[in-house]
Amino acid sequence: MLKKPKSTLAVCLVLVSTLIAVVALTQLRDTTLAAPGYIEPVAATGMVHEVRLVAAPTTGSLDEGTTTDLWTYNGTTPGPEIRITHGDTIRVTLKNNLPEPTSIHWHGIRVPHAMDGVPGLTQPPVAPGETFVYEFTPPDAGTYWYHSHRRGHEQLARGLYGAIVVEDPTEPDYPIDAVWLVDDWRVDDSGMLDPDFDSLNDIHHSGRWGGLFTINGSTQTRLAAAPGERIRIRIVNTANGRPIKPNFGALDPLVIAMDGLPVAENFPPTDITLAPGNRMDVDITIPSDAEGEFIVGDLLGRSDPLELARISVTGDPVGTPGFTAPVGEVPDWSSAADDPADHNVTISFFSEFAEASREEQDRMLETEEFGEFLWKLNGRVWPDAETLTATRGELQKIRIVNESGQMHPIHLHGQFFQLVSRNDERVTEGHYRDTVLMTAFETIEIVVAPFDEGTWLLHCHIQLHAEYGMAMLYEVASELASS
Ligand SMILES: [Cu+2]
């Protein structure tokens, strides 16, 4: 007697869930825009990695010899590399031994909303002496990084970041698989960090840039490889404001992933500029007759590369593995460049000094009190932010207009997107992103695949711009709520 209602219920549940799936697919706004290739749920392995990260003031060395005051996870900058297999869970206990509140954001990983690490939005700030436990199973394999998401213009600049790699067991095993976290530090002549983290000049321009360049916290990074070796290098730009344009000198790398996810086709990284937040994975085969030092440098705004690190080729040649470099399933959404935008965002800069009368300006100059400098999105300043809304499963296009003379790396939490136009010219990139660099007075259009519910942050990854207002909200609601 009891069985029948139960099985009827089961049939109903199957029908309802089938209906939900059909609705989800038909709600993709434009049938020419295929759903992203990464939304298949990951099969959990059951493995849980316990990690303890202690954020604390530390004294450390960046430049072999000089020491400075840093803020680090577990005593080093970068903090420990977290490396797991796709399907594994990580459980990170953050202990805050800093003199101020903090939090951790898992940049690029589609974590559950409550794990996203944005104080005041997804969690309360973690007060000094307190702990917070982050636990999630990354749905997508790839190269990511973790960093403080509170007062990043100081907490990141003092060293609070590290790498998180989610290895894909279906990808070929590279004999050498390295993560290079690139940073620039502003130090004085004695190697001490410049403590002026709120420089008006930096707020007004492109944030805090420094003259001391490190990879993995050292100016002397060397990667040893044999002739014929095949290497995967995962490059992460962790800088507060400065983009990098990687240059590999005499080597011929191929890009295999951008912002974590595999690219549709491998290509040389010649034209790639990595904004703060961006990642790029490259596949390098060392020629079998190579020997000596190969310089990896930065070509941003210069014709001769600035050295960042070296690949030292020594020893007997090894056989080069013959596997094909990884690629991913990336639908082409560039036709959306011709569609109207679902949302428009305008970036502008407000300066109380510039708005003031001549007399007031004279007074401000005399007292050196220049008033407020603020970065605005649609005329509003965080936390008085506008909310862009999206329905789960409906791809949508956001048009962003930069009315300022500064660059802005725009980062969206919780979802990947594609860049489909720059200055109204269609762009086909063949990869997803979570961060895109806008240059001065540029207009871009992005297509977002909203599949992760919650209210997420969309902000500039120049830490000072975000700190001085440049953040808004992106709310992804369930399709059931709107029906
Ligand atoms: Cu900005």
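Yes or no, residue by residue, for (1) modelled with pLDDT under 95; (2) part of a strand (DSSP E or B); (3) touching a Leu at 6+ places or on another chain (Cβ under 9 Å):
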{"site": "ALA224", "(1), (2), (3)": "no, yes, no"}
{"site": "GLY228", "(1), (2), (3)": "no, no, no"}
{"site": "ILE233", "(1), (2), (3)": "no, yes, yes"}
{"site": "VAL236", "(1), (2), (3)": "no, yes, yes"}
{"site": "ARG242", "(1), (2), (3)": "no, no, yes"}
(message) Filter region 260-296 down to the residues that are among the acidic types (Asp, Glu) and part of a strand (DSSP E or B) and list them by number.
(response) GLU265, ASP281, ASP283, GLU293
(request) With the condition kept exactly as written, say whether any residue in region 123-130 is away from the ligand (no atom under 16 Å from the Cβ), part of a strand (DSSP E or B) and free of Cβ contacts under 8 Å to residues at least 60 places away in the same chain. (result) yes
(request) Please indicate, with yes or no, whether at least one residue in region 445-462 is away from the ligand (no atom under 16 Å from the Cβ), of a type in the set (Phe, Trp, Tyr), farther than 23 Å from LEU121 by Cα and at pLDDT 95 or above. (result) no
(request) Could you figure out which of (1) within 16 Å of the ligand (Cβ to nearest atom); (2) surrounded by fewer than 20 Cβ atoms within 10 Å (Cβ to Cβ) isn't true of THR428? (result) (1)
(message) Suppose the filter is crowded, with 16+ Cβ neighbours inside 10 Å, within 16 Å of the ligand (Cβ to nearest atom) and small (Gly, Ala, Ser); does ALA257 pass it?
(response) no
(request) Output the qualifying pairs, or none if there are none: Cβ atoms under 7 angstrom, residues six or more apart or on different chains, first residue in region 362-383 and farther than 22 Å from SER348 by Cα, second residue surrounded by 11 or more Cβ atoms within 10 Å (Cβ to Cβ) and of a type in the set (Val, Ile, Thr). (result) none
(request) Identify the single condition in (1) under 20 Å from the mean Cα position of the chain (by Cα); (2) hydrophobic (A, V, I, L, M, F, W, C); (3) under 30 Å from ASP316 (Cα atoms) that TRP185 does not satisfy, given that it satisfies every other one. (result) (3)
(request) Test ARG399 against the criterion of being among the basic types (Lys, Arg), more than 12 Å from the ligand (Cβ to nearest atom), farther than 29 Å from GLN155 by Cα and in contact (Cβ under 8 Å) with a residue 24 or more places away in the chain, and give yes or no. (result) yes
(message) If I ask for residues that are of a type in the set (Val, Ile, Thr) and farther than 30 Å from GLU229 by Cα, which ones from region 303-357 would you list?
(response) VAL345, THR346, ILE347
(request) Can you give me the number of residues within region 143-178 that are of a type in the set (D, E, K, R) and on the phi > 0 side of the Ramachandran plot? (result) 1
(request) Only residues that are of a type in the set (Phe, Trp, Tyr) and out of contact with any Asp or Glu (no Cβ under 9 Å at 6 or more places or on another chain): list them for region 445-479, please. (result) PHE451, TYR474
(message) Would you confirm whether or not region 152-162 contains a residue that is polar (S, T, N, Q), in contact (Cβ under 8 Å) with a residue 40 or more places away in the chain and surrounded by fewer than 16 Cβ atoms within 10 Å (Cβ to Cβ)?
(response) no
(message) Anything in region 246-259 that is touching a Pro at 6+ places or on another chain (Cβ under 9 Å) and either part of a loop (DSSP other than H, G, I, E, B) or of a type in the set (A, V, I, L, M, F, W, C) (or both)? List them, or say none.
(response) PHE248, GLY249, ALA250, LEU251, ASP252, PRO253, LEU254, VAL255, ILE256, ALA257
(request) Report yes if GLY46 is closer than 30 Å to TYR432 by Cα and assigned to a loop (DSSP other than H, G, I, E, B), otherwise no. (result) yes
(request) Test each condition in (1) more than 24 Å from TYR144 (Cβ to Cβ); (2) more than 12 Å from the ligand (Cβ to nearest atom) for ASP434 and report the one that comes out false. (result) (1)
(message) Being modelled with pLDDT under 95 and in contact with a strand residue (DSSP E or B) (Cβ under 6 Å, 6 or more places away or on another chain) is the filter here; which residues of region 360-381 pass it?
(response) PHE373, LEU374
(message) I'm told THR439 meets every condition in (1) hydroxyl-bearing (Ser, Thr, Tyr); (2) at pLDDT 95 or above; (3) away from the ligand (no atom under 16 Å from the Cβ); (4) more than 23 Å from PRO331 (Cα to Cα) except one. Can you identify the failing condition by its number?
(response) (3)
(request) May I ask you to say which residue of LEU374, LEU412 is of a type in the set (A, V, I, L, M, F, W, C), over 21 Å from the mean Cα position of the chain (by Cα) and within 16 Å of the ligand (Cβ to nearest atom)? (result) LEU374
(request) Please give the number of the condition THR387 fails out of (1) more than 16 Å from the ligand (Cβ to nearest atom); (2) in contact with a helix residue (DSSP H, G or I) (Cβ under 9 Å, 6 or more places away or on another chain). (result) (2)
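The values are calculated or read from the model by the stated rules, or taken from the named source; none is laboratory data. As the structure is a computational prediction, the values presented were derived from the model and not from experiment. Cβ atoms come from the backbone with ideal geometry, glycine included; neighbour counts cover every protein chain shown.
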